[in-house]
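Here, each number is a calculation from the coordinates, and none is a lab measurement. The structure presented is a predicted model; accordingly, all values stated were derived computationally and were not measured. Cβ sites come from the backbone with ideal geometry, for glycine too, and all protein chains shown count toward neighbours.
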Amino acid sequence: MDGPATQKAVVSLADVSMAFGTNRVLSGVSMEVFPATVKALIGANGAGKSTLIKILSGVYPEHGGEIRVDGKPVRANSPRLARALGIHTVHQKIADGVIPGLSVAENLVFDNLALPSFGARFSLAKILPRARQIAARLELGWSDEILRRDVFQLGIADQQLLLLARALDQEPRMLILDEPTSALSMAEVERLFDVIRSLRQDGVAVLYVSHHLSEIDTLADSLVVLRDGKIRLEQSRPFGWNDVVRAMLGEQVLDEERTIVEQRGTQVRLALRGVRLHENRPPQDIDFRAGEVTGVIGLLGAGKSELAKGVFGATPFTVGTMTLDGAAFTPRNPGDAVKRGVFLVPEDRSAEALLPGWSIARSVSLPFLSSLAPRGLVRQGAESRRGRWVIDELEVVATGEGHLVDELSGGNQQRVVVGRWLAGKPRVLVLDEPFRGVDIGARAGISHKLRDLAADGAAVIVNSSDVDEILQGCDRILVLVDGVVRSDTYISETTRDQIIERMSEIA
Amino acid sequence: MEARIGKTPAAEASVPMAEQVREFVVRYGVIAITIFLIVFFVATEDTFRKSTTLLSVLKYASVIAIGGLGVTTAMVVGGIDLSIGGVAGMAVTISAMTMVIYNQIGIIAIVAVLISGAFVGLVNAFLIVRLRIPDMLATLAVMFVVQGAKLIFVNGQSVSSGMPLPDGSFAIGHFTPEFLAIDAGFVGPIPMPVMILIVITLAMWVFLTRTRWGRILYAIGANPEATRLAGISVSRYRALAYVVAGLLAAVAGLILSSRIGQGDISAGNSLLLDSVAVALVGMSVMGLNLPNAWGTTLGAILLGTLVTGLTIAAVPYYAQDVVKGLVLVVALIFSFTLSRKKARYVSAV
């Protein structure tokens, strides 16, 4: 075999694009994956990674541009064709691959079961030798007794390895691994890495999707950064992590002068003491002050949502205490928090905040029904007024307070969700990724309201993984890396570069 | 581009026309079928024209409608209650035991029945909310328990006045006149069960759509996680829904018991399926595509009309089931196929 440098790409993408309706999720993506190399694919949520994987594995056959395998264009791709061409994928969700109720052995040989050569007769004894063979490929060391067990008796990590073994048995030419370590322990990650290294030696091309920079640092030969459906950066070893994070988060040159006047609060509104954001990470003390907007920034999995849900009581902290204006504050559920004026705008608008088929007025009044219906009967006049207040205050584009929330644009939905809590006079308002999937106009409008709210004496906490969102609307910035506060500064004391540097420090 | 193509008069008129028809069918389909059936039976069957027939349709509908309102309440929170028929049957036996065996007055029987209905509702709530058993499975299990338990109390026998008791004596009590009046009485010209139905439908409508509790029940049905994150105790309100469902089933059982006038052990057996059917038919009324009180009652009236009319027309009971099923299919087509609103019927199994 020739060395990697002289080899031709196994799979190459030429100008691949994809749109769902009017929403372009990939545009002009071109890249090549070579044999015997590990290429990392990096991108924030919504960057287009999953779409790209699905195009490669044949799930989305109708895309723009071209996929070539060994230089030959692939026509009418399908999951079957992709596999026949040697492109195999281990998906992030294990449940998508493992078949419950079947034995480990059956799961291992599953791809062979449908082949005509398998014949009609099925017995566990018949497939055991084959299953042993497949398991041996990964040196899983599973005894016949384990092979006979129901697959769900395996741990998550072993299930992950089972899927990998199954893919390897198909002799892949390119293996796509989508966040393969999310379920694995440190030791198992090491084992997985050994497997990937030996695959590389055998000449397999690996496309490794992850947002853990440290994993990519140990494993990858080259990397590609995707943002908003476009390739923003390609690097080979040695990697420059600053540039990588910058490319992930957006390289807006930000000296369009800061429009905000920094406000600093003096009085501590909410104090966290000894709170663990991640199970195995050190406990944290964090203060949030009234009168300022605190931005909490970190990559996916840094602990932002844990912080938000803990403060709101949606997933109470297991360790540590909180005080609200000096008084003990231990919300066991969101109801406790709402009673004390601590509100949350959750991360996933449609799953966690919107009620399908509900009008703006009803959506807005839901958390405050006991005050709008003191004796049980909902006062429709007061409810409508509150709906109209939110529409006016947040400049929601709607026909009226009876407009259904499902029929609003994403930005206007978010205005309603934020406005609902503003109408309830928050002492602490936490917003988890409030600007995701929200147009620039709504973002500016909401941001403006949050500054007013802080000026009126509330403590506002904005979680985001976007540096510019934070810089444009916050007074103070906490950088969170892997459950730990890495830096805590006011916005005038730091720069965009410093923030990115803190975020990109490998834990 | 598309707008320009649409400018041809024919195309412009025809598209909204089809849309209008669809919209009309989705909104008024069930109501139209009910009116059509009434007109049809009035035109073809002499007996159906009598005013007593109309009242007997409504009396027949009352039990099913009240049971259906129980199912509706569980459906509002995104669940279902299959123990409705069992609870109603149990109510028949408990009321008979209270009056006939223990020789108590009617009001005590009523209280005992209501308590037992609420209790079964609490058991359902405990299984579903606390032990996290899917609603359909939990209430199915409870249905069996309730049906069997009532037979244990009475040694598998129907309760009637003068029946021999295990200790050798005879049951001296009887269904009291005020209890029998639950079904046989009148308020002015209106039969008592019809009056009860009107009051309960009105009360459930107000409860579900005008009070904060009802609002929260619908919120849970629409998105339980969003409701929880609005600071609401979802468990407590889901429990409330099952207790209300149990109470309504008990009321249906009271009317049934008063109608039969003895502790018939097979009473209530067919109520469950009818109740679920009318609650489903009710979802499509006015194109709401949500479980709702008026819809369920109208669904029961539709069913009552159908059964009464077909009986008068001497259609055998087993053929009536075919017709019932077809009407249900048509209503489901309105809700799930024709409606643009996504019909919500969630049941985690």
The rounded separation in angstrom of the Cα centers of the stretch A:377-444 and the stretch A:62-96 is 43
Which value does Rg/Rh take for chain A over its C-alpha atoms, Rh per Kirkwood? 1.02
The protein assembly as shown, dipole about Cα centre (Lys/Arg Cβ +1, Asp/Glu Cβ -1), debye to the nearest 20: 1740
Could you let me know the centre-to-centre spacing of the stretch A:138-215 and the stretch A:276-293, using Cα atoms, in angstrom? 35
Once the other residues with Cβ under 9 Å from the Cβ of A:Gly265 are scored (Lys, Arg +1; Asp, Glu -1), what is the net sum? +2
Starting at 0 and stepping by 10 Å, how many percent of the alpha carbon pairs of the protein assembly as shown end up in each bin? 2, 10, 16, 18, 18, 16, 11, 6, 2, 0, 0
Given the candidates B:Pro191, A:Val462, A:Phe329, the one whose Cα lies deepest towards the positive end of the charge dipole of the protein assembly as shown, counting +1 at each Lys or Arg C-beta and -1 at each Asp or Glu C-beta, is B:Pro191
Quick check on the stretch A:96-171: take the gyration tensor over C-alpha atoms, sort the square-rooted eigenvalues as a ≥ b ≥ c, and tell me if it's rounded (a/c under 1.5), prolate or oblate. rounded
What average count of beta carbons from other chains do you get within 10 Å of the Cβ of residues in A:374-386? 2
For the stretch B:44-338, what does the alpha-carbon gyration tensor say about shape, rounded, prolate or oblate, given a ≥ b ≥ c as the root eigenvalues, a/c under 1.5 as rounded, and a/b over b/c as prolate? oblate
Nearest 5 is fine: what % of DSSP beta bridges in chain A come out antiparallel, could you say? 55
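How would you rank B:Tyr218, B:Tyr237, B:Tyr242, going from fewest to most other Cβ atoms within 10 Å of each one's own Cβ?
On the way: B:Tyr218 22, B:Tyr237 19, B:Tyr242 31.
By the 10 Å Cβ count, ascending, the order reads B:Tyr237, B:Tyr218, B:Tyr242.
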Which one, A:Val204, A:Ile499, B:Gln262, is farthest towards the positive end of the dipole of the protein assembly as shown when Lys and Arg carry +1 and Asp and Glu -1 on their Cβ? B:Gln262
Rounded if a/c is under 1.5, else prolate if a/b beats b/c, else oblate: with a ≥ b ≥ c from the C-alpha gyration tensor eigenvalues square-rooted, which is the stretch B:244-349? oblate
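Let me check I've understood the local charge: for A:Ser465, count other residues with C-beta under 12 angstrom from its C-beta, Lys and Arg +1, Asp and Glu -1. What total comes out?
On the way: positive: A:Arg227, A:Lys304, A:Arg436; negative: A:Glu347, A:Asp432, A:Glu433, A:Asp466, A:Asp468, A:Glu469.
Charge balance in the 12 Å sphere: -3.
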Mind listing which GluC sites (Glu not before Pro) in the stretch A:139-198 are in a DSSP loop and have 15 or fewer other Cβ atoms within 10 Å? A:Glu139
Counting only helical runs of four or more DSSP H residues, what would the 222 nm mean residue ellipticity of chain B come to if each run contributes -39,500 (n - 2.57) and the total is spread over all its residues? -23000 deg cm²/dmol
With charges set only on the Cβ (+1 for Lys and Arg, -1 for Asp and Glu), what does the dipole of chain B come to about its Cα centre, in debye to the nearest 20? 1080
What net charge is computed for the residues neighbouring A:Leu124, neighbours being all others with C-beta under 14 Å from the C-beta of A:Leu124, Lys and Arg scored +1, Asp and Glu -1? +2
Farthest positive-ward along the stretch A:391-435 dipole, Cα basis, beta-carbon charges - from A:Leu422, A:Leu408, A:Ala398: A:Leu422
Please provide three numbers in whole Å: the alpha-carbon extents of the stretch A:1-147 along the principal axes, with the largest listed first. 50, 42, 32
Rounded to whole angstrom, the alpha-carbon centroid of the stretch A:445-475 lies from that of the stretch B:279-313 at a distance of 52
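Considering only DSSP beta bridges with both partners in the protein assembly as shown, what is the antiparallel share in %, to the nearest 5?
Details: 44 of 79 bridges.
Once the DSSP bridges in the protein assembly as shown are tallied, antiparallel ones form about 55 percent.
How many Cβ atoms of partner chains, on average, are near each residue of A:190-200 if near means within 10 Å of its Cβ?
0
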